[in-house]
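We did not get these values from a lab; they are worked out from the coordinates using the rules stated. What you see is a predicted model, and the numbers here were worked out from it, not measured in a lab. Here Cβ is always computed from backbone atoms with ideal geometry, including for glycine, and neighbour counts include all displayed protein chains.
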Amino acid sequence: MNQTPGTRSRVESIDVLRGIVMIIMALDHVRDFFHIGAFQADPLDPATTTPMLYFTRWITHLCAPTFVFLAGTSSYLLGGRKTKAELSMFLLKRGLWLILAEVLLVTLALTFNPLYNLVIFQVIWAIGITMVILGVVVRLPYAVIFVVGLAIVLGHNLLDQPEAARLAAKQPLGFWWDLVHGSRYAFYPWAPNHFLLIVYPFLPWTGLMLMGYCAGKWFTAGYPSRQRKRELLLTGVALIALFVVLRFVNVYGDPVPWTKQGSLLKNAYAFFNVNKYPPSLMYMCITIGISLIALRCLEDIRTPVTEFARVFGRVPFFYYVLHFFLIHTITVIVFFLSGFGVKDIVSNQTPFLFRPVSFGFPLWAVYIIWIGVILLLYPLCRRYNNYKSKHQRWWLSYL
């Protein structure tokens, strides 16, 4: 039996943090569907944003990297109950299932287009393909996985220069480059009038998944609590410090160099506006740094708020798919109530049906709708979590 050292049956801080970032994630998706300016300007552009809009978008940067990182951590902890062979096979099957779910379920929830004229590769695809890769490399020694993951995280921005050169020469990166690293929102036809949009290239996310897997060692049953807390805090602070240093040096770690703006506030906007598509080294440093510090703090906190978040964190895939269907369904209702008609369902300017560019509300309304979405989802997620806790059916591990 080749197993990872024994793990606790459930790590509450991981579930709570995952739940928190998923609640925050819904805010960004509600903004996409309901904010009047969502398809008119970049909410992080120092020239056009406002403090509240910038915060609303920037805080959601924490979601995807934390989600991927904790998926790796949970995979390591799962290895405490499986052999390496069993863990490898599970990760391969679950990864392939997530890719299929991205294409069939998440794309439909996003677009509401049953003809699938547009398929979107987002975070579920990224987790799926990186799980497949982890399922292959999980048989390797821990040290090798750590070195490979660290090399990808630290080194993948070396590809920025050849990418910039090709784009400057007006040469497209091409499908495979975009799939691996580029992610420039290019549309690739896969059938007549059917396109694939690559939002999350897999290479940088693979590095993050592998690092999350290695971080799982901190949460094993025999790992001293005091040492874990100290290492989470020190590593988190070190990552944030590395972000600050790299940003001031302004040579490597993000494809878009930081440039000074006309005011202190706009300088701050530009300084923290790091690249998510693909996730740069600086982006991963600042987001994972914050998340590691949060993990350290959440280990000692038990409140009604953390218990509320934990429910979502225990059923992440169920929540993720459901929240898109709910948000888009509410969009359809509000679309017709706002006076739009059948002729407005399809727009050449947005990929989502029932979401024309002129549709939407001020930011304060987005927050009200977001709170409503979370409150509607909570009883459903709590009921499903209770069901999962009382049943051991094989398919529950995939949902």
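Listing for the model above:
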{"quantity": "Estimated dipole of the chain in Debye, rounded to 20 [Cβ of Lys and Arg +1, of Asp and Glu -1, Cα centre]", "calculated": "1160"}
{"quantity": "Burial order of peptide ranges 152-162, 336-346 (average beta-carbon count within 10 Å, highest first)", "calculated": "152-162, 336-346"}
{"quantity": "Highest-MSF residue in the chain out of V119, V249, V106 [GNM, Cα springs under 10 Å]", "calculated": "V249"}
{"quantity": "Computed [θ] at 222 nm, helices only, for the chain once each DSSP H run of length n ≥ 4 contributes -39500 (n - 2.57)", "calculated": "-19500 deg cm²/dmol"}
{"quantity": "In order through segment 392-397: 3J(HN,Hα) via Karplus (6.51 cos²θ - 1.76 cosθ + 1.60), integer Hz, x for Gly, Pro", "calculated": "10, 5, 4, 6, 5, 6"}
{"quantity": "P(r) weight above 23 Å for segment 238-392, C-alpha pairs, percent", "calculated": "63"}
{"quantity": "Residues R18, R226, R184, R31, sorted so that the one with the fewest Cβ neighbours within 10 Å comes first", "calculated": "R226, R184, R31, R18"}
{"quantity": "Inter-probe distance in nm under a simple model that places probes 7 Å from Cα toward Cβ, at I333 and R393", "calculated": "2.8"}
{"quantity": "Whole-angstrom gap from segment 40-119 to segment 346-366, using each part's C-alpha centre", "calculated": "22"}
{"quantity": "Length-normalised contact order for segment 244-399 - Cα pairs under 8 Å, 6+ apart - percent", "calculated": "17"}
{"quantity": "Residue-wise HN-Hα coupling along segment 313-327, computed from phi with Karplus coefficients 6.51, -1.76, 1.60 (Hz; x: Gly, Pro)", "calculated": "x, 8, 10, x, 5, 4, 4, 4, 5, 5, 5, 5, 4, 5, 4"}
{"quantity": "Positive-pole candidate from Q171, V199, T220, dipole of segment 145-254, charges at beta carbon", "calculated": "T220"}
{"quantity": "Rg/Rh ratio calculated on Cα atoms of segment 1-124 (Kirkwood radius)", "calculated": "1.07"}
{"quantity": "Positive-end residue of S347, L115, L70, charge dipole of the chain with Cβ unit charges", "calculated": "L70"}
{"quantity": "Highest-first arrangement of 163-170, 174-181, where packing means the average Cβ count within 10 Å", "calculated": "174-181, 163-170"}
{"quantity": "³J(HN,Hα), Karplus 6.51/-1.76/1.60, whole Hz, each residue of segment 207-224, x for Gly, Pro", "calculated": "x, 5, 4, 5, 5, x, 4, 5, 5, x, 4, 5, 9, 6, 4, x, 7, x"}
{"quantity": "Estimated translational D of the chain in µm²/s (Stokes, Kirkwood radius over Cα pairs; 4 °C; 1.567 mPa s)", "calculated": "59"}
{"quantity": "Average Cα contact separation per residue, the chain, under 8 Å, 6 or more apart, as relative contact order %", "calculated": "28"}
{"quantity": "Stokes-Einstein diffusion coefficient of segment 55-151, Kirkwood radius over Cα pairs, 25 °C, 0.890 mPa s, in µm²/s", "calculated": "166"}
{"quantity": "Residues whose placed amide H lies under 5 Å from that of L118, excluding near-sequence neighbours", "calculated": "F195"}
